[in-house]
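The values are calculated or read from the model by the stated rules, or taken from the named source; none is laboratory data. The model shown is predicted, which means the values in this text are computed figures rather than measured ones. Just the protein is used for accessible areas: all its heavy atoms, side chains included, with ligands, DNA and RNA removed. Shrake-Rupley method; radii C 1.70, N 1.55, O 1.52, S 1.80 Å.
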Amino acid sequence: MINKYNLEFILHTKNSSPQMIKSSLAEFGNDLIVSQCQEQDEKCNYKVSMITEDPTLVFDLCAQLGRIRSVKVI
């Protein structure tokens, strides 16, 4: 049986859009939701929620896009 993890986190990034984040993460899980949070200086903040089998791959990819904060893994 493969374990599935529900991930929720905030991604702080300068040069990304919700569509770019979704397309980057689409192959790594299901039920992917990317929504914009409040803006802070020049950075855009996105709340990301998804179900994945390998959270490490998701976090490695997101770390290349920006800073990851407020992580919840269920």
Debye log10 I(q)/I(0) at q = 0.26 Å⁻¹ for the chain, Cα point scatterers
-1.28
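Can you send over the carbon and sulfur percentage of the accessible area for the chain, probe radius 1.4 Å, protein chains only?
Details: 2300 of 4880 Å².
That share works out to 47 percent.
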Would you mind working out the accessible area per residue for the chain, using a 1.4 Å probe, and quoting it in Å²?
66
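Sort Ile21, Ile74 by heavy-atom solvent-accessible area, probe 1.4 angstrom, most to least.
Details: Ile21 0, Ile74 130 Å².
So, going from the largest accessible area down, we get Ile74, Ile21.
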Can you work out the Karplus-derived ³J(HN,Hα) for every residue in segment 20-31? Use 6.51 cos²θ - 1.76 cosθ + 1.60 with θ = phi - 60°, whole Hz, and x for glycine or proline.
5, 5, 4, 5, 5, 9, 3, 6, 9, x, 10, 6
For helix 55-65, what angle does its Cα long axis make with the longest principal axis of the chain, in degrees from 0 to 90 and rounded to 10?
20
